Amino acid sequence: MQYLHKALISLVVLSTLSAPAFAGGSRGDGDRGTTDPVDSSLAEGYYDLTDFDESVVTSATGVTIGGVNITLTGWSDTGNGLDPEDFDQIVKTASPYEVSSFYGYGVLNQDGEGSTSPDHSIDNYYWNGKDTAAGIAYADFDFVLFSFDSDVTLDSIDFGWANNNGTDQQVSIAALDDSQLGLLQGESSSWSEIITGAVSGSFNITKTGSYSYTTGELELVDTAKYWLVGAYNTVFGSIDGASMYNDGFKITSIDFTEGTPPPVAEVHEPGVFGLMLMSFAILVWRRKRTA
């Protein structure tokens, strides 16, 4: 009996050792048999731009939220010497500024926009063009760039004003890497060239109150340090039934999450050899009891 008891324990131990280990807290590294630790520390941040002075929000030092530093710059396709105003496709710097502490932030681009309505919004209105197909085709697409000092996921965006009372309003978004950021800052590329290879998309804006609008939860599953947010441009992604050249809004706040979620832990079933050993041990034990 004592010998059988010891054999049973040995078999159980062997069966346990033969089964693959449960995954958790580490990321498999291909077939090399090594693991790397995963940064599973996630920190949600809420950046209300209207809580800070405009001079701080638009400064080179920016604002720090939950330990993450964020700066804001403006961009718009407003041409250059090699890209006449009639075609107007080269992206250049623009000026983000606080329209008011109630409505939030808009953009003034270099095409002579004034700070009176509606040209001070982040929009895709045509400026110098006539109300014709040619004029609309060369509209200015205004964007702002949120630059973080660590990788984040952009979760949602809120607005204090949207054109047409929020009806048929869309926003385009892209997550940029360092090379794409270099193209943007080089001021010699178009939007399509800048976001080549980037994760991007366009989303509907919905009304949540008398003077509040939101994207809701975004579906851009990516982390990046640089996030472009601007007026609807189908280069970033199209939306069925959505109209372009009528989109304008002012941003009040953004939600973001810092860090990278850990991978889903894989639960391995016991190996075949382990199951056989366990079954044999149980069979021997039951026969012994019967005897």
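The values are calculated or read from the model by the stated rules, or taken from the named source; none is laboratory data. Just so it is clear, the model here is predicted, and its values are computed rather than measured. Cβ: placed from backbone, ideal geometry, glycine included. Neighbour counts: every protein chain shown. Ligands, DNA and RNA are stripped out before the accessible areas are found, and what is left, the full protein with its side chains, is counted by its heavy atoms. Shrake-Rupley method; radii C 1.70, N 1.55, O 1.52, S 1.80 Å.
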- Task: Determine which member of the set Asp39, Asp86, Asp31, Asp51 is open to solvent by 40 Å² or more (accessible area, probe 1.4 Å), at negative phi and at pLDDT 85 or above.
- Result: Asp51
- Note on the structure: Contact list, first residue from the range 58-72 and within 13 Å of Ile254 (Cα to Cα), second anywhere and surrounded by 19 or more Cβ atoms within 10 Å (Cβ to Cβ) and small (Gly, Ala, Ser), beta-carbon distance below 6 Å, six or more apart or interchain, is Ile70/Gly62; Thr71/Gly62
- Task: Identify, by number, the condition in (1) assigned to a loop (DSSP other than H, G, I, E, B); (2) modelled with pLDDT of 95 or more that Gly129 doesn't meet.
- Result: (2)
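Can you tell me how many residues within the range 200-215 are open to solvent by less than 30 Å² (accessible area, probe 1.4 Å) and more than 13 Å from the chain's Cα centre (by Cα)?
Taking the range 200-215 and keeping what is open to solvent by less than 30 Å² (accessible area, probe 1.4 Å), we get 201-202, 205, 209, 213-215.
Checking the rest, the ones that are also more than 13 Å from the chain's Cα centre (by Cα) come to 205, 209, 213-214.
Total satisfying the criteria: 4.
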- Mind checking which residues of the range 179-199 are open to solvent by 40 Å² or more (accessible area, probe 1.4 Å) and either polar (S, T, N, Q) or touching a Gly at 6+ places or on another chain (Cβ under 8 Å) (or both)? Ser179, Gln185, Ser188, Ser192, Thr196
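I need the full set of residues from the range 219-228 which are open to solvent by 20 Å² or more (accessible area, probe 1.4 Å) and in contact with a Phe, Trp or Tyr (Cβ under 8 Å, 6 or more places away or on another chain), in order please.
From the range 219-228, those open to solvent by 20 Å² or more (accessible area, probe 1.4 Å) are 219, 221-223, 225-226; that's our starting set.
Passing the criteria: Glu219, Lys225, Tyr226.
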- Message: Looking for something open to solvent by 10 Å² or more (accessible area, probe 1.4 Å) and without any contact (Cβ under 8 Å) to a residue 40 or more places away in the chain - is there at least one such residue anywhere in the range 247-257?
- Response: no
